[in-house]
Amino acid sequence: MTTQQIIFWFLSVVAVFCAIMVITRKNPVFSVLYLIITFFAISGHYILLNAQFLAIVNVIVYAGAIMVLFLFVLMLMNLNKESEPQKNKYMLWSGAIAGGMLMLVLIDAVRPEQKVQIYDGLSGGDVGLVKNLGTRLFTDYLVPFEISSILFLSAMIGAVVIGKKD
Amino acid sequence: MPIEYYTFLACIIFGIGVIGVLTRRNAIIIFMCIELMLNAVNLLLVAFSKMHYAKAVASGQQDILTAASEGQLFVFFIMVVAAVEVSVGLAIIVMMYRNTHNVDINFLNRLKN
């Protein structure tokens, strides 16, 4: 077992365990904290897959900004107490079974045709560094990049309009 | 490390997100489960990007960087859309809370009132 495999299994176990904890905790604040740990584990996977820029963006945007936003809303609405009485057990079990079925189908459907070894004896290089991705982003993907800026602007205006007290 | 392991992991995390959406009733936790599903898809895209890199190296392709960076750019745009979605969605949840003083989705099954 190489070092990369040990890191892979450790990060996978952490990610799956914390993802399960996210959907089982009663207190929403614990769910947010476990989700942050899951995002850190996925960032570790990105580094393992030579996507360094995406790992940093994942930490900054997801674990930094979005989760703080979630926590902020939870604290603002005073929801950090254990609420949510689950009255219908059948709905819970049917939802869990249906989701599990979908998971099994997905695992079989997404399986690649032939076995491809990734990161065995590969240096990986500078695919995921800022230089390469930025060059691609500002040459081939310039129009989607600018459109995403307009999307951000419209989302900002929409959030202000929706959140405004009338 | 074969690519199957990454597809298994991404599908498991995606399935956990689906189960969370189907079983929980707190609107904010449902929203977090959607984020979890988005991250599973991102992980799968990055793994396939690495797979394309390995294939390009194996076949002696010239522009290796071009072949490998497509998936990572796609992940970048998914993150942009996720940030936009969270800002608008949380504004909607705050508005719902202001109207009903609850974020339980069973109280929100009608659009009227």
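Listed values, structure above:
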| quantity | calculated |
| --- | --- |
| Most to least packed among A:89-102, B:56-69, B:14-27, B:81-94 [average Cβ atoms within 10 Å] | B:14-27, B:81-94, B:56-69, A:89-102 |
| Shape box of the protein assembly as shown [Cα atoms, principal axes, largest first, Å] | 63, 41, 28 |
| Cβ neighbours within 10 Å from other chains - mean over B:27-38 | 5 |
| Neighbour-count order for B:HIS52, B:HIS101, A:HIS45, fewest beta carbons within 10 angstrom listed first | B:HIS101, B:HIS52, A:HIS45 |
| Relative contact order %, chain B, counting alpha carbon pairs below 8 Å whose residues are six or more apart | 27 |
| Charge dipole (debye, nearest 20) of the range B:3-108; +1 at Cβ of Lys and Arg, -1 at Cβ of Asp and Glu | 220 |
| Hydrodynamic radius (Kirkwood) for the range B:3-108, which is based on Cα pairs only, to one decimal in Å | 15.8 |
| Residues A:PHE30, B:PHE48, sorted so that the one with the fewest Cβ neighbours within 10 Å comes first | A:PHE30, B:PHE48 |
| Chain A - percent relative contact order, Cα under 8 Å, separation 6 or more | 21 |
| Residues A:ILE20, A:ILE36 arranged by fewest to most Cβ contacts within 10 Å | A:ILE20, A:ILE36 |
| Shielding by partners, peptide B:40-53 (average Cβ within 10 angstrom, other chains) | 6 |
| Average beta carbon contacts from partner chains per residue of A:39-46, 10 Å cutoff | 4 |
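Laboratory data are not the source of any read-out in this text; all were calculated from the coordinates shown. From a predicted model like this one, the values you see are computed outputs, not experimental measurements. All Cβ positions, glycine included, derive from the backbone under ideal geometry; neighbour counts span all protein chains shown.
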